[in-house]
1. Could you list all residues from segment 196-213 that are out of contact with any strand residue (DSSP E or B) (no Cβ under 6 Å at 6 or more places or on another chain) and open to solvent by less than 30 Å² (accessible area, probe 1.4 Å)?
2. Six or more apart or on different chains, Cβ atoms under 8 Å: show the pairs whose first residue is in segment 291-315 and over 13 Å from residue 333 (Cβ atoms) and whose second is surrounded by 14 or more Cβ atoms within 10 Å (Cβ to Cβ) and small (Gly, Ala, Ser).
3. Among the residues of segment 151-171 satisfying the criterion of being more than 20 Å from residue 85 (Cβ to Cβ) and without any contact (Cβ under 8 Å) to a residue 40 or more places away in the chain, which is most open to solvent (accessible area, probe 1.4 Å)?
4. Pick from segment 296-315 the residues that are crowded, with 17+ Cβ neighbours inside 10 Å and not in a loop (DSSP other than H, G, I, E, B): which of them is farthest from the chain's Cα centre (by Cα)?
5. Does segment 88-98 contain at least one residue that is under 27 Å from residue 48 (Cα atoms) and hydroxyl-bearing (Ser, Thr, Tyr)?
6. Would you confirm, using the coordinates I've provided, whether residue 318 is part of a strand (DSSP E or B), assigned by TED's automatic domain parsing to the domain that holds residue 353 and hydrophobic (A, V, I, L, M, F, W, C)?
7. Evaluate segment 230-249: report whether one residue or more is modelled with pLDDT of 95 or more, surrounded by fewer than 21 Cβ atoms within 10 Å (Cβ to Cβ) and more than 16 Å from the chain's Cα centre (by Cα).
8. Check 208, 156 and return the single one that is in contact with a Ser or Thr (Cβ under 9 Å, 6 or more places away or on another chain), at pLDDT 95 or above and closer than 22 Å to residue 114 by Cβ.
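The values are calculated or read from the model by the stated rules, or taken from the named source; none is laboratory data. Just so it is clear, the model here is predicted, and its values are computed rather than measured. Backbone-built Cβ (ideal geometry, glycine too); neighbour counts: all protein chains shown. Areas reflect the complete protein model, heavy atoms only, side chains present, ligands, DNA and RNA absent. Shrake-Rupley method; radii C 1.70, N 1.55, O 1.52, S 1.80 Å.
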Amino acid sequence: MSAPGSTALRRTRLHSLHRELGGRMVPFGGFEMPVQYGGILREHDAVRERAGLFDLSHMAQYDLRGDGVAAWADELTVNAVATMKPLQARYNIFTNERGGCHDDVLFYRLPDRWLLVVNAGNREKMWELLNAAAAGRPDVQVNSDHGQRALLAVQGPRAAEILGPLCDLDVAALKYYYCAEGRVDGAPAVIARTGYTGEDGFELFVDGRDATRLWTLLIEAGAPLGLEPAGLGARDMLRLEAGMPLYGFELSEEISPLAGGQGWAVKTAKPAFTGKAALVAQLERDDYDRIAGAVLEGRVPARSGYAVFRDGERVGEVRSASIAPSLGNRNIATVLVRKDAAAVGTALQVEIRGSQHAATVVPLPFYKRKA
């Protein structure tokens, strides 16, 4: 087994290109990553209206092989793995015995193996967990492709139009949350119709040695159709509008999938899995704090950790917050609040720099893409 690599701040294969494009680099998940190029709002609008290109090569890619992978993974995660169809992708969560989340991940079922993608900041924790769980299991082999393979994402309503001519398969015919093995301008790739923006789009798993050429090609091919490079700032704004969780904010070792709004992924009908007893008990009590969406009045933005009140009583805190260009630049937030403060329509107050600002609980997601 190959180790995932050093804990020192690392760079993806595209680092020099990000610099050439004027990317403002920041530490993220152990890597130096672009937070923006021409501006977060501009990049947000490109993805919502046309297309954006993201470098996601900091995400850890683990290669799982062996006849026992499906059953083994089902023992560690809340969603079903063994029922996945060939070439299907599925969101899942690894949980601890208390029902909290080690990480939220994506599984891809390929013809001869499974691809597991985990959050960059959790790569070492997950590497240790996977290897410990696979110890003594000759029917499960775990290997890391972190740093060797790259991950590029083309997201937006024109993504298929941009990517299609460069591929040897019909990407427009690919179903949502499915993938295929093919070639992009001759380079071998796993092409998945998945993403983290709330828009249509594709993620390209390629050899790191092909990353620079393919990024440049995509920029050139997509420019006439309005494609722009996009950084972590736009990605976070887009995912929050789309109601998608970010590990460390809506999910954590202390926040369960139920509390984090991902109860739809918890399959309690599965045989025993890590954390099942705790999650079943949470469901039966139904008294846990939970994530809700909130829209603030006025133009004062909230921040993660700000206190949330209802009728003068503290009921929770802000987990993520941003302006929402797709909602007319209103301020939005996810809040982790008591059950009795989470119902749609509930009036809340968010404390911002000593003053309380009105907010209202609204349904998640805040934004749904056009059909």
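1. Result: 198, 200.
2. Sorted first by the residue in segment 291-315, then by its partner, the pairs are 310/341; 314/307; 315/341.
3. Looking at the filtered set, the residue picked out is 168.
4. Out of the qualifying residues, it is 310.
5. Yes, some residue in segment 88-98 is under 27 Å from residue 48 (Cα atoms) and hydroxyl-bearing (Ser, Thr, Tyr).
6. Taking the combined requirement at face value, the residue satisfies it.
7. So far as segment 230-249 goes, no, none of its residues is modelled with pLDDT of 95 or more, surrounded by fewer than 21 Cβ atoms within 10 Å (Cβ to Cβ) and more than 16 Å from the chain's Cα centre (by Cα).
8. After ruling out the rest, the residue left standing is 208.
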